[in-house]
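Okay, so here's the structure we're looking at.
The values are calculated or read from the model by the stated rules, or taken from the named source; none is laboratory data. Only a predicted model underlies this, so the values are computations on that prediction, with no experimental measurement involved. Ideal geometry is used to build each Cβ from the backbone, glycine not excepted, and the neighbour counts take in all protein chains shown. The area values use the complete protein model at the heavy-atom level, side chains included, leaving out ligands, DNA and RNA. Shrake-Rupley method; radii C 1.70, N 1.55, O 1.52, S 1.80 Å.
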Amino acid sequence: MSFDALGLSLLVRTSALLLLTAALATLLRRQSAALRHLVWTTGLAGTLALPLMSLTLPALPLLPAALPSASTVAGTATRAATESPLPAPAGQPRAAQASSEAVTQARSVGSNALLPSRPAVAQSVDSPDSAGTALWLAYGIGVLLLLGWIALGELAIRRFGGRSAPLDTGEWRELVDELRAAGSVPSRVRFRVSDDASVPLTYGILRPVVILPASGRQWPLSHRRDVLAHELAHVRRRDCLTHLLGRIACALHWYHPLAWLALSRIRLEREHACDDAVLSGGSLASGYADALLVTARTMRGRPALAGAGLAFARGSSLSERLRAVLDDGRRRGSPRPPALLALAALGLVATSAVATVAPRDASAADPPSASTAADRSAEAPSPNQRIERDSGARVSARTTAAFPTTEPPGGGPRSSTVVERDDEWPIATEQARRAICPRGSEGRERTVRLTGSMSITGQGSASDGKDRYVAWTGADCSVVIQSRGKVTFNESETDVATLDDGALFRITHEIGRTERSYRVSGRGSRLEREYRVDGRAAEMDRAFEDWRGTLVLEFIRRSGYDAEGRVRRILDRDGVGGVLAEVRQIESDHVASRYLGHLIAIGRLDPRSATDVLEEAGSGIESDFELGRVLVAVPTRLLEDEGVSRAFVAAARTIESDYELRKALDALLASGPPSPEVTGRLLELATTIESDFELAELLVGLAARGAVTGDFDAAYFAAVATIESDFEAHRVLSALLKSGPRSPATLEAGLRAARSIDSDFELASWLVEVAAAAPLTERLRAPFFAAAASVESAHERGRLLRAALATEQPSTGLLEDILDAATDIDSDFEKAGLLADLANRGLVTETLRPAFRRAFETLGSRFERDRVLAALGRRAI
């Protein structure tokens, strides 16, 4: 394997392993930080083992073959030479062509050459070129620089520790002795104190050292206890070891952004895990958050020390740590031994799998023997005979082709019929198209320079404002077609018919070391045509005409030349099936979408043929943007048909872009309320949309059109549950209420779904809307007040309870539930306001008085008590 191939292989495998790690960490986002830290560490450490495992473990040939062996290439080249669909140029013996092509194909690593080439010395595919050597040199320099930076940091932190003093006396020492007596300090830990330290710092793997700031003596005891507990958590978790492994992995993969992302996640989750350990030990979240803030204000940065040691507070992650510390619902436990073993086994299996997957060896299959090849060659017709037969099939005066056609509207069932064609319409066979320029393996296509600043590798088109280029390349071949000005082609689309003044059309085809060129210039119908092979004028024989016709048609297909006119001509002659057959021959998604767009815009589609068009678009167009253009172009009259709507949704399912998918589905919804079957498919499709905004837009559109009936409640709220944005979740739930009266079952399901909303404001707003939309019957009260219990804001809790109270004739059960919920309001002002509203409305009956008294007794403010009593019109309850 060459140096550049080895580097690419390791890059792909490293990317696969880190992407698997990121996916697993995302799945565990609701688990403890300690578990996620372990996942990221295992994945990044696995990248260190990948090179060794790739060289030692047996390869599993699961991927497609990469490059064939030399013997296989030589055999293939010989057979291609004897079976070429085009004849050799005039004057060159067939045997000489076969020998030349065999050498050329061996050099081009298996390209199925169409044209002869001069003999050339075979080149080794595995020989590293100068560019690959330069890349490896740059990689090595980067690794050495980063490893040197790591070594510098380790040396600097040890020098810093050497300048610190042993912790013998003082407040820090007393706290350490207290924790050591309680068994909270590992015996191997050493403590030192430094006047230069601004925050606590831990370093060392075998003998950890905790450096405490001398200024920390001024901190309160709880502050010092929390800080020390955090650093000891680093020691118990052996974070210094995992930190060093992560830095070394990033040094070896310094070019890979995913490696640096993994290291940043390791750092953040490590600090979260230590914060969780402190809080699990009994520290108050509010006090620990204050300790983080106070310590961060005094921090002074030292780049070398910051990379080598584990500092207590970093400004870059402080805000996220504070949010995590104050999150009461966060899981803070450590992984148990079974989980650790399972994760270790999973990491080993994943790393081994990524390291052992390799391309299948193309040389494993035995090539056919020489005798078999000779017999096959003897039985096959001559090249010239084959050309005549194929050409006759393409350009005979009257040819036939099987195209699926569509019956007129209201006709019988569709059938595949044979369409008679009286004109000379060319059909370039797939064999001829591939033989023009065989594709190379990925990454091995030739690069062609079009102008001084433009080049193309693979396939594409470009323009410099004057000339337009269409080009495609293979492993050892290229085709460049240049056009300037207005060019028109003959009816059979095999050659240029007219050119405007100053216009030009030129084909340049290189394969191996042979070059063919065809140039047309002139004005109007007075054209000059020039055909050359390797720079010399050549005869325009039948083989030339076949070559030219194939490439002219390819230019028309790849450039989208006269797309609308071609669609109309094919449609008139062969129907919708003919247009779809032509679209299947087009490789460009942009051109294919133009053809289908013109086919739709012409307006001759019935529901059955529109279904065929949508099926072709969904299966053939890979570009999300281009497929979206086709779907949006489908008119409303067709989307009203059930079959067309189903085909539309099936095609939209292949779109990966959330924006393009939602835009296409908006076009479907614009045609009117979808049928129940289509609604079900849309809700199923909604669960694949990752963007909260785009998903909300789709769900709001469904609700606004009355498509969400009781049968779809479960699917609708399942989609709502995937929305992380509280604002968007509230917007979707509100749209459901605004679409019309909802059944108690739907409201109950919506109240349960709303409990996933974290924002007090958004959740309270939704509950207010529910209270205003429907009476809170006994069935709805339980889910309503269960959702209200998760609202922590006193203001928002009071707001939603006042909304529940605002019903015209609240039942006693509802009032008791309101008073029970009021007892948990922290604000005396909000609680007293609610109680005063009850009193002012005269709702405090004898039956309600016990519940009212319980809520009243939780008021601590004398002023607010008096306010409630004044509303009751008495001095006591």
When residues of region 751-774 are limited to those that are within 34 Å of the chain's Cα centre (by Cα) and of a type in the set (Asp, Glu), the one most open to solvent (accessible area, probe 1.4 Å): Asp758
Test: residue in region 299-320 that is at pLDDT 80 or above, more than 29 Å from the chain's Cα centre (by Cα), surrounded by fewer than 19 Cβ atoms within 10 Å (Cβ to Cβ) and in a helix (DSSP H, G or I): no
Any hit, region 677-685, residues being within 26 Å of the chain's Cα centre (by Cα), farther than 23 Å from Arg566 by Cβ, at pLDDT 90 or above and open to solvent by less than 40 Å² (accessible area, probe 1.4 Å): no
Single residue of region 789-798 satisfying the filter (surrounded by 14 or more Cβ atoms within 10 Å (Cβ to Cβ) and of a type in the set (Gly, Ala, Ser)) that is farthest from Asp328 (Cα to Cα): Gly798
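Kindly provide the set of residues from region 789-798 that are assigned to a loop (DSSP other than H, G, I, E, B) and not hydroxyl-bearing (Ser, Thr, Tyr), ordered by number. Walk me through how you get there before you give the answer.
Filtering region 789-798 down to residues assigned to a loop (DSSP other than H, G, I, E, B) leaves 789-793.
The answer is Ala789, Val791, Glu792.
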Pair list, Cβ < 8 Å and 6+ apart or interchain, from region 8-35 residues that are over 15 Å from Val357 (Cβ atoms) to residues that are of a type in the set (Lys, Arg) and open to solvent by 30 Å² or more (accessible area, probe 1.4 Å): Ala25/Arg265; Arg30/Arg331; Gln31/Arg331; Ser32/Arg331; Ser32/Arg332; Ala33/Arg332; Ala34/Arg237
Every residue from region 473-482 that is open to solvent by 20 Å² or more (accessible area, probe 1.4 Å) and either touching a Pro at 6+ places or on another chain (Cβ under 6 Å) or within 24 Å of Glu545 (Cα to Cα) (or both): Val480
Residue under evaluation Ser184, criteria (1) among the hydroxyl-bearing types (Ser, Thr, Tyr); (2) at pLDDT below 85; (3) buried (at least 19 other Cβ atoms within 10 Å of the Cβ), criterion not met: (3)
Options Ile150, Ile141, Ile205: the member that is loosely packed, with under 12 Cβ neighbours inside 10 Å, at pLDDT 80 or above and over 28 Å from Asp290 (Cα atoms): Ile141
Test: residue in region 57-71 that is on the phi < 0 side of the Ramachandran plot and modelled with pLDDT of 70 or more: yes
Filter result for the condition that a residue is more than 26 Å from Val649 (Cβ to Cβ), part of a helix (DSSP H, G or I) and open to solvent by 70 Å² or more (accessible area, probe 1.4 Å), over Arg558, Arg568, Arg532, Arg608: Arg568
Yes/no for Leu241 being modelled with pLDDT of 80 or more, assigned to a helix (DSSP H, G or I) and under 22 Å from Leu206 (Cα atoms): yes
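Do the conditions hold for Leu668, that is, is it over 21 Å from Ala764 (Cα atoms) and within 29 Å of the chain's Cα centre (by Cα)?
yes
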Unmet criterion (only one of (1) modelled with pLDDT under 90; (2) farther than 25 Å from Leu819 by Cβ; (3) open to solvent by 20 Å² or more (accessible area, probe 1.4 Å); (4) part of a helix (DSSP H, G or I)) for Glu748: (2)
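Can Asp177 be described as within 19 Å of Arg158 (Cβ to Cβ), open to solvent by 20 Å² or more (accessible area, probe 1.4 Å) and modelled with pLDDT under 85? Break it down into steps so the answer makes sense when it comes.
Details: within 19 Å of Arg158 (Cβ to Cβ): no; open to solvent by 20 Å² or more (accessible area, probe 1.4 Å): yes; modelled with pLDDT under 85: yes.
Against the criterion (within 19 Å of Arg158 (Cβ to Cβ), open to solvent by 20 Å² or more (accessible area, probe 1.4 Å) and modelled with pLDDT under 85), Asp177 does not qualify.
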Complete set of residues in region 731-745 that are surrounded by 19 or more Cβ atoms within 10 Å (Cβ to Cβ) and of a type in the set (A, V, I, L, M): Val732, Leu733, Leu736, Leu737
So Leu702, is it crowded, with 19+ Cβ neighbours inside 10 Å, in a helix (DSSP H, G or I), among the aliphatic types (A, V, I, L, M) and touching a Ser or Thr at 6+ places or on another chain (Cβ under 7 Å): yes
Qualifying positions in region 501-527 - open to solvent by 30 Å² or more (accessible area, probe 1.4 Å), touching a residue at least 24 places away in the same chain (Cβ under 8 Å) and part of a loop (DSSP other than H, G, I, E, B): Arg513, Ser525
Pairs with Cβ under 8 Å, 6+ apart, first in region 606-627 and free of Cβ contacts under 8 Å to residues at least 40 places away in the same chain, second among the β-branched types (Val, Ile, Thr) and open to solvent by 30 Å² or more (accessible area, probe 1.4 Å): Gly618/Thr654; Ser619/Thr654; Leu627/Thr654
Residues that are open to solvent by 50 Å² or more (accessible area, probe 1.4 Å) and assigned to a helix (DSSP H, G or I), drawn from region 719-730: Ala721, Phe727
Every pair of residues 6+ apart whose Cβ atoms lie under 6 Å, when the first sits in region 441-468 and is among the small types (Gly, Ala, Ser) and surrounded by fewer than 16 Cβ atoms within 10 Å (Cβ to Cβ) while the second is modelled with pLDDT of 85 or more and in a strand (DSSP E or B): Ser455/Thr447; Ser455/Arg449; Ala462/Tyr469
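Results for (1) open to solvent by less than 30 Å² (accessible area, probe 1.4 Å); (2) at pLDDT 90 or above; (3) part of a loop (DSSP other than H, G, I, E, B); (4) closer than 21 Å to Val868 by Cβ, shown as yes or no for each residue.
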{"residue": "Ala787", "(1), (2), (3), (4)": "yes, yes, no, no"}
{"residue": "Leu800", "(1), (2), (3), (4)": "yes, yes, no, yes"}
{"residue": "Gln809", "(1), (2), (3), (4)": "no, no, yes, no"}
{"residue": "Asp817", "(1), (2), (3), (4)": "no, yes, no, yes"}
{"residue": "Asp826", "(1), (2), (3), (4)": "no, no, yes, yes"}
{"residue": "Ala839", "(1), (2), (3), (4)": "yes, no, no, yes"}
{"residue": "Gly842", "(1), (2), (3), (4)": "no, no, yes, yes"}
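Going through region 844-866 one residue at a time, which ones are open to solvent by less than 40 Å² (accessible area, probe 1.4 Å), under 25 Å from Ala774 (Cβ atoms) and not in a helix (DSSP H, G or I)? Even if it seems obvious, please write down each step before you answer.
At the first step, the residues of region 844-866 found to be open to solvent by less than 40 Å² (accessible area, probe 1.4 Å) are 844, 848-849, 851-852, 855-856, 859, 861, 864.
The next check asks that each one be under 25 Å from Ala774 (Cβ atoms); those that pass are 848, 851.
Within region 844-866, just Leu848 meets the criteria.
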Filter result for Thr498 (among the polar types (S, T, N, Q), open to solvent by 30 Å² or more (accessible area, probe 1.4 Å), in contact with a Gly (Cβ under 7 Å, 6 or more places away or on another chain) and in a strand (DSSP E or B)): yes
